[in-house]
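Readers should treat all values here as calculations from the given coordinates under stated rules, not as data from a laboratory. Just so you know, these numbers come straight off a predicted model, no measurement behind them. Counting neighbours? That spans all protein chains shown, and the Cβs are built from the backbone with ideal geometry, glycine included.
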Amino acid sequence: MPEPVSYVDHLRKVPIFSKLSAKELEHIARSVKERVYESGTVIIKEGDPGLGFFLITEGRVDVSHRDHRIRDMGPGEFFGEMALMEEAPRSATVTAKERTRCLQLVRWDFRALLKENPDLAVRMLEVVVQRLREHPAAHAEP
Ligand code: CMP
């Protein structure tokens with residue numbers, strides 16, 4: 001199993017984590033679990049309960065809503081934050097486009113991280129708002 005220090009290297013490259021201290025990154029590294037998904041695997045299914053938050057370290061995923069593709073994401077990007085922030089079902093489906101490696105944080109660790117780091121919470125909020133502005137239709141009522 002890789003040492004947490006290699007997770008720290010990955011975490012450091014995530015733009016929203018760039019201002020966290022080495023100590024904070026080490027703390028997160030101890031909580032994450034590495035997950036590897038083969039191409040075509042549905043990582044998150046729209047409508048399911050939200051259990052985890054994912055940071056991509058390798059590979060690419062597609063985000064889609066009711067069969068409409070929203071966008072793809074790659075290393076340094078994250079997904080799965082919305083259902084954990086709002087305590088609501090998953091808003092979209094996320095599928096591995098190729099073999100994809102992620103670091104996963106479970107709900108309670110993710111929420112604790114945001115509570116302990118208000119600057120990080122604000123940066124994440126900015127990303128979420130951008131996402132919703134780009135594709136508001138994906139989040140409209142039925
Ligand atoms: P969540 O709702 O937990 O699960 C599906 C994820 O897809 C969601 O969190 C976001 O990470 C991502 N997602 C949903 N809608 C968009 C969007 N409009 N733009 C980018 N990513 C999105």
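A few remarks follow.
- Think of each Lys and Arg Cβ as +1 and each Asp and Glu Cβ as -1; about the Cα centre, that makes the dipole of the stretch 20-142 roughly 160 debye.
- Legend: ranking of residues Thr100, Thr41 from fewest to most surrounding C-beta atoms inside 10 Å; resulting order Thr41, Thr100.
- Cα centroids of the stretch 59-135 and the stretch 1-56: 11 Å apart.
- Under the simplified labelling scheme, the Ser6-His68 pair shows an inter-label distance of 4.1 nm, with each label point 7 Å from Cα along Cα→Cβ.
- Relative contact order of the stretch 1-79, pairs being alpha-carbon contacts under 8 Å that are 6 or more residues apart, as %: 26 percent
- At R0 = 22 Å, FRET efficiency that the Cβ-Cβ distance of Glu26 and Val122 yields, to 0.05: 0.50
- Burial order of peptide ranges 74-85, 107-118 (average beta-carbon count within 10 Å, highest first): 74-85, 107-118
- Estimated FRET transfer efficiency when R0 is 25 angstrom, pair Trp108-Lys19 (beta carbons, to 0.05): 0.60
- Lysine pairs within the chain, Cα separation less than 24 Å, 8 or more sequence positions apart or different chains: 12
- Relative contact order (%) - criterion: Cα under 8 Å, at least six apart; region: the chain: 28 percent
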